[in-house]
Amino acid sequence: MQLQKFRITIINTFLMLKKFTPLFFLFFFFSTFGNAQKKSLDKTFKYFLEEGQLTFSQPENYCGLDSVQNYDPSPKYLQSLLLYSIKNKKNDIIIAFSLIKIRKPNELLKKLFPKSQEVNDLMPYLITEADSSVSIPIKIDTTNLKRLNADNGYIYNMKILYPYLEKYPYCKKVLIHKNDVYRAEVLYFYNKKEIDNVEDIIQKTWGMLEFKN
């Protein structure tokens, strides 16, 4: 009788494992795939950092996310690819990074489009992106630019028509620029409940990206 009960227990255990095994492997697959995807994104971000002669310091208590995507906040301007994003559990603000190489035009482009020579001019971005109904762009002062080894930079509210991840309708951008090298963007996506907190977060974290000497 005891032997029969033992056999029944073994069979039930086997059937239970058989039932949950697909779920286990499914969880394992998505976990592994998610980690591999994140590592791939990290490698891409690091590649652009090296090419742009930039250093990155991730703040304490922040972790990387899988929320990186092509993002177009306005149909009038195509936002560059977001390469990496981080978040702190204590708030609902996502910090994303975009790095853009300064590409000098060839002689033909210079002749056809004289404005193309102005590769270090940030005004077109400010005019297109900045939401003047909220606030005017603030130029980063010389002391902080020097600390970041940058030649120019601004902090401003971006125009947002399509909420990021369908959740974050507001964005502040820190834009720093190294002449003839790279442009680095730090984007702070947030919602209404974080309006009073975002400035403090920017002050604590905005120096994460610095150009090398």
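The values are calculated or read from the model by the stated rules, or taken from the named source; none is laboratory data. Only a predicted model underlies this, so the values are computations on that prediction, with no experimental measurement involved. Quick reminder, even Gly has a Cβ in these numbers, built from the backbone with ideal geometry, and neighbours come from all protein chains shown. All accessible areas refer to the heavy atoms of the entire protein, side chains included, with ligands and DNA or RNA removed. Shrake-Rupley method; radii C 1.70, N 1.55, O 1.52, S 1.80 Å.
How many residues does the stretch 149-170 hold that are under 14 Å from TYR125 (Cβ atoms) and either surrounded by fewer than 20 Cβ atoms within 10 Å (Cβ to Cβ) or of a type outside the set (Gly, Ala, Ser) (or both)?
Filtering the stretch 149-170 down to residues under 14 Å from TYR125 (Cβ atoms) leaves 152-159.
Narrowing the set further to residues that are either surrounded by fewer than 20 Cβ atoms within 10 Å (Cβ to Cβ) or of a type outside the set (Gly, Ala, Ser) (or both) leaves 152, 154-159.
Qualifying residue count, the stretch 149-170: 7.
Take LYS146 and decide whether it is open to solvent by 10 Å² or more (accessible area, probe 1.4 Å), over 20 Å from the mean Cα position of the chain (by Cα) and not small (Gly, Ala, Ser). Spell out how you get there, then give the answer.
Numbers: open to solvent by 10 Å² or more (accessible area, probe 1.4 Å): yes; over 20 Å from the mean Cα position of the chain (by Cα): yes; not small (Gly, Ala, Ser): yes.
Spelling it out, LYS146 is indeed open to solvent by 10 Å² or more (accessible area, probe 1.4 Å), over 20 Å from the mean Cα position of the chain (by Cα) and not small (Gly, Ala, Ser).
I'm told VAL134 meets every condition in (1) surrounded by fewer than 17 Cβ atoms within 10 Å (Cβ to Cβ); (2) of a type in the set (A, V, I, L, M, F, W, C); (3) over 18 Å from LYS193 (Cα atoms) except one. Can you identify the failing condition by its number?
(3)
Criterion first (open to solvent by less than 10 Å² (accessible area, probe 1.4 Å), within 18 Å of LEU82 (Cα to Cα), in contact with a Ser or Thr (Cβ under 6 Å, 6 or more places away or on another chain) and in contact (Cβ under 8 Å) with a residue 40 or more places away in the chain) does GLU210 satisfy it? Write out each step before concluding.
Values: open to solvent by less than 10 Å² (accessible area, probe 1.4 Å): no; within 18 Å of LEU82 (Cα to Cα): yes; in contact with a Ser or Thr (Cβ under 6 Å, 6 or more places away or on another chain): yes; in contact (Cβ under 8 Å) with a residue 40 or more places away in the chain: yes.
Against the criterion (open to solvent by less than 10 Å² (accessible area, probe 1.4 Å), within 18 Å of LEU82 (Cα to Cα), in contact with a Ser or Thr (Cβ under 6 Å, 6 or more places away or on another chain) and in contact (Cβ under 8 Å) with a residue 40 or more places away in the chain), GLU210 does not qualify.
Regarding GLU199, is this residue within 16 Å of SER98 (Cα to Cα) and modelled with pLDDT of 95 or more? Quick ask: steps written out before the conclusion?
Working: within 16 Å of SER98 (Cα to Cα): no; modelled with pLDDT of 95 or more: yes.
No: the conditions fail for GLU199.
Restricting attention to the stretch 55-81, which residues are within 19 Å of PHE45 (Cβ to Cβ) and modelled with pLDDT under 90?
LEU65, ASP66, SER67, VAL68, GLN69, ASN70, TYR71, GLN79, SER80, LEU81
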